[in-house]
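The values are calculated or read from the model by the stated rules, or taken from the named source; none is laboratory data. Note that the coordinates shown come from a computational prediction; the quantities given were computed from them, not determined experimentally. Cβ placement follows ideal geometry from the backbone for every residue including glycine, while neighbour counts extend to all protein chains displayed. Only protein heavy atoms, including side chains, enter the accessible area calculation; ligands, DNA and RNA are left aside. Shrake-Rupley method; radii C 1.70, N 1.55, O 1.52, S 1.80 Å.
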Amino acid sequence: MTDTDTDTGTTAAAVATDLQDERLRRRTGVKGALAGGLDRIRGGDLGLVPVILGLVVIAIVFQSLNQNFLSSANLGNLLMESVPVGMISLGLVCVLLTGQIDLSVGSVSGLSSAITAVLFVNQGMSPWLAVAAAVAGGAIIGLVYSQVFIRFGVPSFVITLAGLLAFMGVQLKVLGKDGSINLPFDSGLVRFAQLDFVPGWLSYVFVVAIAAGLFGTGWLGARERRLAKLSATSTAVLAARSVAVLIGFGAVVWYLDRGRGIGWMFVLFVVLALLLNYALTRTGWGKSVYAVGGNVEAARRAGINVNAIYTSVFVLGTSLAAAGGVLAAARLAAANQSSGGGDVNLNAIAAVVIGGTSLFGGRGSAFSALLGILVIQSISSGLTLLNLDSAYRFTVTGVVLLLAVMLDSVARKSRASHGRA
């Protein structure tokens, strides 16, 4: 098959997908939107449905086995515990969307924990300057990865595997012979990760802002499509979606406020997920990321600077991994030789895949990291309440990961058969 034939086939598939999306959008009203959503699911475009259903099943199972699982105190703690690895997963979403992989995120996060602790505690630097230095170090690592990948064509699997080993050694060197550095409990960094919670009234303000923002962005997007003579989601559907978010999130906030409420660290995680989602769905950069992951050669011929996209996702991935490492150190009030080790690396990758981001590139969203890490942390929390050891957690998480990848493979086949590959 020639390059021209390949490009023609790719273009035809894209046109078929666009036409199908147009037919689905023309269904008006809430019932029409629901029918269109069901058609997409039948066509293999599952979105976040599987992971949301998975969370519901996990909640039902563990609540039936231990009545404390859905308590406001346990859920609030679960949200806070999910943030450090979730932050790492957020960066991995971008890397996986381009069809690449980063196996070193755990080591990068551990190294950033060590850098933060050494600069803050041993060198007396301001904690926020220490954090900035650690994140900047992560960004430099991503830049090096991208240049090796672009200039020498070394697979990202090999580059980041080498990084995993190398930065594990650098971390040990930075920590020195003691191997552990404690962060002051009265520092703002530790308070932020352990003790700072959003006031109840402000939580409701955030909920209203999210619902209003969802309606506003949806309405502006629909307006742009109408001006371009394309079908668009009706205002009634946009309003119904925002009201559902307002009621649902409001109920969650009310319930969590019966305990300690929602931690500021989790709010930071959600805000970053929303910003990344906006960047991926509403900017030219985001569209280019999906294009490169879908077909890198077609993206290059369409005029996309593929090398710049690869550079940006590697830098973003390692920067967020470094931020996750900083938050992990703040959460534990310590950085040591085990920081970033153990199952951190695997859980970060598993969260993204379980959340719905395809290992094959081109499909997924920022919310994959948010929902995926909630699945993993829910499993961990539930098994801890049942007094079961880590062996069961690893086993259950592995099974869930395998099911997620199998579901993704089946969905790909279904999309191909419906002309939406």
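Computed extension gain for Asn307 through Val49, at 0.36 nm per residue and net of the alpha carbon distance, reaches 89.6 nm.
In the elastic network of the chain, a GNM with C-alpha springs shorter than 10 Å, the most mobile of Leu111, Leu75, Leu96 is Leu75. Amide H contacts of Phe197 (H built 1.01 Å from N, in plane; Pro and chain starts excluded): Trp264 sit under 5 Å, all sequence-distant by 5 or more or on other chains. Taking all protein chains into account, the per residue accessible area for the chain stands at 48 Å² (1.4 Å probe). Label-to-label distance for Leu143 and Leu230 is 3.6 nm, based on points extended 7 Å past Cα in the beta-carbon direction. Label-to-label distance for Thr283 and Arg191 is 3.2 nm, based on points extended 7 Å past Cα in the beta-carbon direction.
Less than 18 Å from a label point 7 Å out along the Cα-to-Cβ axis of Ile150: which backbone N atoms in the range 86-113 qualify, by residue? Residues passing the 18 Å test: 94-102. Between Ala334 and Leu183, the built amide H atoms are under 5 Å apart, and every one of these is 5 or more places off in sequence or on another chain.
All Cα-Cα separations within the chain were binned at 10 Å from zero, giving a P(r) of 5, 20, 30, 27, 14, 4, 0, each value a whole percent of the pairs.
For the chain, modelled as a GNM whose springs connect Cα atoms under 10 angstrom apart, the maximal fluctuation among Ile88, Ile376, Ile52 occurs at Ile52. Surface composition of the chain: carbon and sulfur atoms hold 68% of the protein heavy-atom accessible area at a 1.4 Å probe.
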